[in-house]
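Enquirer: Have a look at this one before I ask anything.
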Amino acid sequence: MKPILFCDFDGTLCHDRYWRSLPAEQHEKVQQLLFQDDTTRVSDWMRGKYTAEEMNHFVANEIGMTYDELWELFVQDCNTMDVPQEVLEKLSTLRDRYTVILMTENMDSFSRFTTPALRLKRYFDHIINSYYEGKYKTDNDGEIFVDYSKKWNVPLNECVVVDDNPHVCGTFEALGGRACRVTPEQNITYHLGVL
């Protein structure tokens, strides 16, 4: 069996945000509401406890927009996230040597809208989304990595993770795998070029 290359999405392949098409003041309000003040609601969303519709109803009420208007903008933003085509092509060529898995801590909207709009299944052997797993990459000391290495019958010490989160990289290394941490100085293109 080929070793697994686990690749992150947000902050690694893509830097776009949900609701990014909102006017600046409203977008900042959403960021503060969900991603800064109290992240419990968004964390629960990424673990499958809320749907995108429920979250957009909540956000619409908080920022004073109609649900329909916000929902349309949200879906449009999900469908138009920017991932460089050359990075996707490089990941696809690495499938000769690796089982390439997109592993993301994300929402139902990622699988429902972003994945088909960007045709991500063309470039990855498998896509794992925390929304459907109910867990993050670091939960239970990286249990999800262990589970998937067993599923593919590949020792973790032969596997690689490419991720911008230092905690994920540290967890993966503690399991014996190789971590390539994405930073502004060493971006995804750099790491894929040295694999």
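The values are calculated or read from the model by the stated rules, or taken from the named source; none is laboratory data. Source: prediction; values computed, not measured. Glycine gets a Cβ as well: all are built from the backbone with ideal geometry, and neighbour counts include every protein chain shown.
Enquirer: Taking Leu5 as the residue in question, decide whether it is under 18 Å from the mean Cα position of the chain (by Cα), buried (at least 18 other Cβ atoms within 10 Å of the Cβ), touching a residue at least 24 places away in the same chain (Cβ under 8 Å) and not in a helix (DSSP H, G or I). Let's see the steps before the verdict.
Expert: Details: under 18 Å from the mean Cα position of the chain (by Cα): yes; buried (at least 18 other Cβ atoms within 10 Å of the Cβ): yes; touching a residue at least 24 places away in the same chain (Cβ under 8 Å): yes; not in a helix (DSSP H, G or I): yes.
So Leu5 fits the description; yes.
Enquirer: Looking at the structure I just gave you, is Gln32 more than 17 Å from Phe110 (Cβ to Cβ) and either more than 15 Å from the chain's Cα centre (by Cα) or not basic (Lys, Arg) (or both)? I'd like the intermediate steps shown before the answer.
Expert: Values: more than 17 Å from Phe110 (Cβ to Cβ): yes; either more than 15 Å from the chain's Cα centre (by Cα) or not basic (Lys, Arg) (or both): yes.
Yes, satisfied.
Enquirer: Those residues that are over 15 Å from the mean Cα position of the chain (by Cα) and among the hydroxyl-bearing types (Ser, Thr, Tyr), I need them from the stretch 8-29; list them, please.
Expert: Within the stretch 8-29, just Ser21 meets the criteria.
Enquirer: Further question: Quick one: in the stretch 157-178, which of the residues that are crowded, with 20+ Cβ neighbours inside 10 Å and without any contact (Cβ under 8 Å) to a residue 40 or more places away in the chain is nearest to Lys2 (Cα to Cα)?
Expert: Gly177
Enquirer: Just need a number here: residues in the stretch 44-66 that are assigned to a helix (DSSP H, G or I) and either modelled with pLDDT under 95 or buried (at least 17 other Cβ atoms within 10 Å of the Cβ) (or both).
Expert: Pass one, the stretch 44-66, residues assigned to a helix (DSSP H, G or I): 44-46, 52-63.
If we keep only those that are either modelled with pLDDT under 95 or buried (at least 17 other Cβ atoms within 10 Å of the Cβ) (or both) as well, we get 45-46, 52, 55-56, 59-60, 62-63.
Residues that pass the stated criteria total 9.
Residue-wise test of (1) among the hydroxyl-bearing types (Ser, Thr, Tyr); (2) touching a strand residue (DSSP E or B) at 6+ places or on another chain (Cβ under 8 Å); (3) modelled with pLDDT under 95.
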| site | (1), (2), (3) |
| --- | --- |
| Asp8 | no, yes, no |
| Thr12 | yes, yes, no |
| Trp19 | no, no, no |
| Glu28 | no, no, yes |
| Gln31 | no, no, yes |
| Phe35 | no, no, yes |
| Thr39 | yes, no, yes |
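Enquirer: Consider Val146 against the criteria (1) among the hydrophobic types (A, V, I, L, M, F, W, C); (2) surrounded by 18 or more Cβ atoms within 10 Å (Cβ to Cβ); (3) in contact (Cβ under 8 Å) with a residue 24 or more places away in the chain: it satisfies all of them except one. Which criterion is unmet?
Expert: (2)
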